[in-house]
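One structure below.
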Amino acid sequence: MAKKSFTLMVIPDHDAPVKRYTIQRSWLVQVGMGLMLVAGLGAGASIHYLQVAADASENRILREENLTLRSQLKSVRERIEHIGSTLDRVERFDQKLRAVTLLSDPQRNLAMGPTEPEAGTTAPATDTQFTQLTTTDTPKMMLGRLDRLSAEATRQELSLQDLQAYFQDQKSLLASTPSVWPARGWVTSDFGQRLDPYTADRVTHAGLDIAAPHGKEVTAPSDGTVVFAGLEGGYGNVLVIDHGYGIKTRYGHLSKILVKAGDRVKRGAAIAAVGNTGRSTGPHLHYEVRVNGVPQNPRKFILEE
């Protein structure tokens, strides 16, 4: 039969009597259970504390990350607004250039569709509205605006390439327009009707006669390619330059030709010398401008005084 109590004997070092303590078994069990309960509560409290501490640390990290994300979103929002404003300015400049050049924008026409909203519908948002952001915009909303900005930037790039091609063509056209005098002298016979110096008949003079000393330098009035250099009936030594865009210039009665067919010439380059070859009453340059084969008054093209 299990003992219901235990006796604890304390034997001192001296002659003092031995002390006896009786401990009930039930009390030991209760004390043991109490200690186990305290230990369990302590362990639970420790675990709870550690969990709370971990949660607090995680919350602090999340708050810091949240602040960082808010700051980054603000920066992204400001950049989107800046890009949108820049594209708006580019668009206005593009429209001004097209108004000056009378060029339409096929990309914008394709993108915009009808210019007026149908009855009962609201007008589509403008590009500026697409780029206006608020502090409540979500990342998804900003991504949508970025997509629209990207599409607008692509359209602007195509539009500016179109304008670049136009101005490049205009630059080429200006370089090809015979806008300066081919020789310095005085005009003795103008473009249009005149009396033939040999027959006295009334005839059409297809160019200008510019009197100048024999051997005076003749220069190209614009860029072009020499397409003929040689003799041509009553005009003697003749030079013809093709400037593109249907424009050709002809030079007659030359004493000397300094270029040959196929040569590329630039405005101001020496191409010949004034002479008296062919049917001529004296040293002069016969100068013609033809557009698509039709003689034009050279004075219409000359910008110099």
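The values are calculated or read from the model by the stated rules, or taken from the named source; none is laboratory data. In this text the structure is predicted, and so the values were computed from the model without any measurement. Here Cβ is always computed from backbone atoms with ideal geometry, including for glycine, and neighbour counts include all displayed protein chains.
State all residues of region 158-179 that are within 14 Å of Val289 (Cβ to Cβ) and in a helix (DSSP H, G or I); if no residue qualifies, say none. Listed by number, the list holds a single entry, Ser176. From the list Arg299, Arg267, the lone residue that is assigned to a loop (DSSP other than H, G, I, E, B) and not small (Gly, Ala, Ser) is Arg267.
Total residues in region 268-289 satisfying the condition of being crowded, with 17+ Cβ neighbours inside 10 Å and modelled with pLDDT under 95: the figure is 2. Every condition in (1) free of Cβ contacts under 8 Å to residues at least 60 places away in the same chain; (2) within 21 Å of Phe301 (Cβ to Cβ); (3) not small (Gly, Ala, Ser) is met by Leu208 except one, and the failing one is (1).
When Ser176 is tested against (1) within 51 Å of the chain's Cα centre (by Cα); (2) more than 18 Å from Ala272 (Cβ to Cβ); (3) loosely packed, with under 14 Cβ neighbours inside 10 Å, just one condition goes unmet, and that condition is (3). It is to be established whether one or more residues within region 121-139 are among the hydrophobic types (A, V, I, L, M, F, W, C), outside any loop (DSSP other than H, G, I, E, B) and modelled with pLDDT under 80. Looking through region 121-139, at least one residue is among the hydrophobic types (A, V, I, L, M, F, W, C), outside any loop (DSSP other than H, G, I, E, B) and modelled with pLDDT under 80. Look at region 64-83: where a residue is under 17 Å from Asp147 (Cβ atoms) and a partner is assigned to a helix (DSSP H, G or I), sitting 6+ places away or on another chain with Cβ atoms under 6 Å, you get Ile80/Arg145; Ile83/Leu149. Hey, among the residues in region 291-305 that are closer than 17 Å to Pro221 by Cα and surrounded by fewer than 17 Cβ atoms within 10 Å (Cβ to Cβ), which one's modelled with the lowest pLDDT? Ranking the candidates gives Glu305 first. In this structure, Thr86 does not satisfy being in a helix (DSSP H, G or I), under 26 Å from Arg155 (Cα atoms), within 20 Å of the chain's Cα centre (by Cα) and at pLDDT below 80.
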